[in-house]
Every structure is written in structure tokens, then in C-alpha cells.
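Undergrad: What follows is a single structure, and I will ask about it in a moment.
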Amino acid sequence: MTEPTESMEPLTSPSGTARNPGDTGTAQRPGTFLDDAALGRLRPLSFTVAYRMLGSVAEAEDVVQEALTRVSQTPDVRNPDAFVTTVTTRIAIDVLRSARVRRESYVGEWLPEPLVGPFPSLPVAMATPSPDVARHAELADDLSTAFLVLLETLTPTERAAFLLHDVLGFPHSQAADVIGTSEVAARQLASRARRRIAASTTAQAPASNSSENSTPAHPRAQAQPPAQAQPPAQTHADTPAPARSTRPRSAADRARAEQLVSRFLAACEDGAVDSFLELLTEDVVLTGDGGGNVPQGMSIVRPVAGRVTVARMLATFISRGAPLHFERALVGGEPGLLIVADDAVGGGLIGTWSFEVSDGLLSGIRGVINPRKLGHLGPLADLDRLQAALRRELEERTAARRAAAHRADDQPSDS
């Protein structure tokens, strides 16, 4: 793989306009290196690139550290934003290749490490100005759990080509330089990535879903800038097929998603199966990620599908009476929940729930409870202590039922 060079041409923006490297605010005099302030400004950009590529906060932070070290040692960088993106992507490709091998032996379903909270300080791409509401929503799409799960269907180079071109706005020629391939190959990689994503989202959509409710796999996947127009020989397979909406696309959609989370919280308090049934699509899927690092019985190993089955499982989970509560939060940029242990068992984070929304109902629920994926979010709950409390609760309930049965047996009959 070719090492990045500082002579990269200025990056073109998604609108096809070439950026002046001086616009980045960190152009350097000949023979100079980027200072700490410039490197600090590049860190959020490097992280968003690495996290999109890897879906792992810990791995992304390692990549950022290595990338910024290399950037800091390179003199006369003409376009710091483009350069750090190049270096970060190349390192992330190598890390993802080795990570894929580890994930093949992962216990249960692998889900991305969750990001919690808003992302106002993270640049959308290439040091553009602070995003407005619409651009912020697109950033949330890029970082959402649902989108990152779709990216897991791609090879490392397909993922890089798709993210560089469709998300970050690189021309195919510059994406090719980053990946270390030809422009034709980069175009084909991005095209295959779109088809894989479209196939994955279409496979999830129910047959009754109408086209007017459909959206592309990514908000910018279909509307490419004029400067990046494909040659006449392009086939329809090069563009993504429509897929059902799984992400809030407007303020109204976001408000409806927030309302669904409120109703889900109310269902958790009620604990009845019917309360959950009202919120779920027929083909809803519940996925849990414990990674084999939680006490037995605290996480599902395989996804559970179907409205009735998922509703019953959720109701059973609530009925156990675990000493925990839920807190609302943005998980992967979308309305979600934090599962937090009560103070009686030491407090701390147990896990996160993120939701997919389709046609006003929940079509996907993804829970991350693997403590190795949650450490960046703060203090974690003691799961062994929590399980011990659950056992005590079960024993007390069992004893109470037996006592009630004995009292009923001791009552004299009317005859």
C-alpha cells in the first residue's frame, strides 16, 4: 500500500468546487510542521473517519493516535484535512482487515460500540463549517448503529471507497489514491458497496412497503454531485435501490421517533405484552451484544424476530424486576435509551438500546451490554452484583408464591 504524501492535490468539495488549502486555517509555511493546535482541530475529523470505518471507539482512538503522529511528522502539508483523512483511512483499512478475523469468532452478534450524546463538535467532512440542522442529521445517519451495521456487510476496501466518495465527497480519483488502487477500481468498489447496502436494506423491508415511503440506504447515496457524474456506460446496478426508511429524516420524523421512545418507556413501566405489541412492526428484530462477557442469562446470543416473540421477550425482561432504570439519550445520533443500575446495587451503566423506526413503528432494537464496548461512556455496573440481586428477587418471589399456596391449602373448605 502506497504511503500518503504531502503533495496531494486540494480536495474537491461535494459540490465539485476545489478548496483552497488556505481555507482550512492551518496552511503551513514551507518546511514547517503542523502545531498542536492544528493537530487538535484535525482530531475530531480523524475520529469520525476511523469510527465510520471500524465501528469501534477503542480501535478508532488507536487509529487516530497513529494517524496524528504520522501527520505531525510530515512537513509542508498542503491540505491537512485531506491528508489526515488519507492517513486515517489507510491505517483503518489495515486495522479492519485484522478486526474482521477476530469478529468471525465473536460470541453472538457483533454490534458497533455505541456513541452517546449529540455530535455538535464533530465536523461532517473535510473541515467544513459547523453543520446546520440538516447536515447534523446527515452526520447522525453516518454514525447511526443501523448504518454502521450495514457497513459491516462490506469488505474493508469497499467500505473505504463508499465512505470516501458517498459520505465524505471524495472524487473517485482521489479515493483511489487513498485506497491504493486505480480510479476504475475505486468506482467499482463504491458501486459494489451501494449494491450490497441496497440489497441488505431491501431484504429487511416487508413486501407491503410502498415506494413512497422508501429512502436510499444513505441520504446522499443517490444524489451525487454533477462533477462526479458517471459515464454513459453506467448501469442501473451502480445506483442504490430504494429501501425503507430506518432513520428520522426531518424534524417531524425526529419528533415521532422521540415519541416512540416515550411510549416504549411507558411500556417498560407497564410490563404488559400488549403495550409492546402496539409499538412493533410485524418483522421487528431484537439483537443483543454481550460478546460472551456478561453473566449467563443477561443477554441474548442470537437475534429474535417477530412482533409477538419480541414483545413477549421484552415483557419477560421487565417482569424479572431487575434493580435498574432507563435514561433517555441519543445513541448513535438517534433517540435511544441507557440501561442504568440502581444505586442499591452500586449504580453504573449496564448497556444501551438503539432503535430503528419504520412507518411509525419500531422495526429494530439493538442492545449493547458487552462491558468491553461501554467503558468509554463512564462507570459501568457490577453485573455479578446485579445478577445476585436478580437471584434474590427470584428466590423471594418463589418463596412468596409457595407461602400463598400453603395458605390457600390451609383454608377450610365450604363443604
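The values are calculated or read from the model by the stated rules, or taken from the named source; none is laboratory data. These numbers were taken from a predicted model, which means no experiment stands behind them. With ideal geometry, Cβ positions are generated from the backbone for all residues, glycine too; neighbour counts draw on all protein chains shown.
Undergrad: Name the single residue that is surrounded by the most Cβ atoms within 10 Å (Cβ to Cβ) among those in region 144-187 being free of Cβ contacts under 8 Å to residues at least 24 places away in the same chain and of a type in the set (A, V, I, L, M, F, W, C).
TA: Checking each candidate, the answer is Ala175.
Undergrad: Could you pull out the residue among Ser358, Ser354 that is hydroxyl-bearing (Ser, Thr, Tyr), more than 16 Å from Asp289 (Cβ to Cβ) and touching a Pro at 6+ places or on another chain (Cβ under 9 Å)? First the steps, then the outcome.
TA: Numbers: Ser354 fails: more than 16 Å from Asp289 (Cβ to Cβ).
After ruling out the rest, the residue left standing is Ser358.
Undergrad: Can you go through Ala229, Ala241, Ala221 and tell me which one is over 25 Å from Ala389 (Cβ atoms), in contact with an Asp or Glu (Cβ under 9 Å, 6 or more places away or on another chain), hydrophobic (A, V, I, L, M, F, W, C) and modelled with pLDDT under 60? Write out each step before concluding.
TA: Values: Ala229 fails: in contact with an Asp or Glu (Cβ under 9 Å, 6 or more places away or on another chain); Ala241 fails: in contact with an Asp or Glu (Cβ under 9 Å, 6 or more places away or on another chain).
That would be Ala221, the only listed residue that is over 25 Å from Ala389 (Cβ atoms), in contact with an Asp or Glu (Cβ under 9 Å, 6 or more places away or on another chain), hydrophobic (A, V, I, L, M, F, W, C) and modelled with pLDDT under 60.
Undergrad: Let me ask something else about it. If you check Gly347, Gly321, which single one turns out to be on the phi > 0 side of the Ramachandran plot, outside the structural domain of Arg52 (by TED's automatic domain parsing) and either assigned to a strand (DSSP E or B) or touching a strand residue (DSSP E or B) at 6+ places or on another chain (Cβ under 6 Å) (or both)?
TA: Numbers: Gly321 fails: either assigned to a strand (DSSP E or B) or touching a strand residue (DSSP E or B) at 6+ places or on another chain (Cβ under 6 Å) (or both).
Just one listed residue meets the conditions, Gly347.
Undergrad: So, one more: Would you say Glu356 is surrounded by 16 or more Cβ atoms within 10 Å (Cβ to Cβ), in the same structural domain as Ala381 (by TED's automatic domain parsing), in a strand (DSSP E or B) and among the charged types (D, E, K, R)? If you could, list the steps in order and put the result at the bottom.
TA: On the way: surrounded by 16 or more Cβ atoms within 10 Å (Cβ to Cβ): yes; in the same structural domain as Ala381 (by TED's automatic domain parsing): yes; in a strand (DSSP E or B): yes; among the charged types (D, E, K, R): yes.
So Glu356 fits the description; yes.
Undergrad: Here's another thing I want to ask about it. Take the residues in region 303-318 that are out of contact with any strand residue (DSSP E or B) (no Cβ under 8 Å at 6 or more places or on another chain) and without any contact (Cβ under 8 Å) to a residue 40 or more places away in the chain, then tell me which one is surrounded by the fewest Cβ atoms within 10 Å (Cβ to Cβ). Steps first, answer last, please.
TA: We begin by selecting, within region 303-318, every residue out of contact with any strand residue (DSSP E or B) (no Cβ under 8 Å at 6 or more places or on another chain); these are 308-309, 312, 315-318.
With without any contact (Cβ under 8 Å) to a residue 40 or more places away in the chain added as a condition, the list becomes 308-309, 312, 316-317.
Details: Val308: 13, Thr309: 13, Arg312: 15, Thr316: 11, Phe317: 15.
This residue is Thr316.
Undergrad: Considering only residues that are touching a residue at least 24 places away in the same chain (Cβ under 8 Å) and acidic (Asp, Glu), which ones fall in region 367-415?
TA: Asp382, Asp384, Glu393
Undergrad: Could you list, in sequence order, the residues of region 278-298 that are touching a Phe, Trp or Tyr at 6+ places or on another chain (Cβ under 9 Å) and among the small types (Gly, Ala, Ser)? So that I can check it myself, show each step before the final result.
TA: Let us first name the residues in region 278-298 that are touching a Phe, Trp or Tyr at 6+ places or on another chain (Cβ under 9 Å), namely 279, 289, 291-292.
Gly291, Gly292, listed by residue number.
Undergrad: Between a first residue in region 256-271 that is assigned by TED's automatic domain parsing to the domain that holds Glu356 and in contact (Cβ under 8 Å) with a residue 60 or more places away in the chain and a second residue that is of a type in the set (A, V, I, L, M) and outside any loop (DSSP other than H, G, I, E, B), which pairs have beta carbons less than 6 Å apart while being 6 or more apart in sequence or on different chains?
TA: Final answer for the pair search is Ala257/Val357.
Undergrad: Also, I was wondering about something else. Can you tell me which residue is surrounded by the most Cβ atoms within 10 Å (Cβ to Cβ) among those in region 319-333 that are of a type outside the set (Gly, Ala, Ser) and under 16 Å from Ile369 (Cβ atoms)? If you could, list the steps in order and put the result at the bottom.
TA: Start the filter on region 319-333 by keeping residues that are of a type outside the set (Gly, Ala, Ser), which leaves 320, 323-328, 330-331.
Checking the rest, the ones that are also under 16 Å from Ile369 (Cβ atoms) come to 320, 323-327, 331.
Working: Arg320: 13, Pro323: 18, Leu324: 20, His325: 16, Phe326: 17, Glu327: 12, Val331: 23.
The qualifying residue surrounded by the most Cβ atoms within 10 Å (Cβ to Cβ) is Val331.
Undergrad: Looking at region 380-415 only, could you name the residues that are loosely packed, with under 12 Cβ neighbours inside 10 Å and not in a helix (DSSP H, G or I)?
TA: Gln411, Pro412, Ser413, Asp414, Ser415, listed by residue number.
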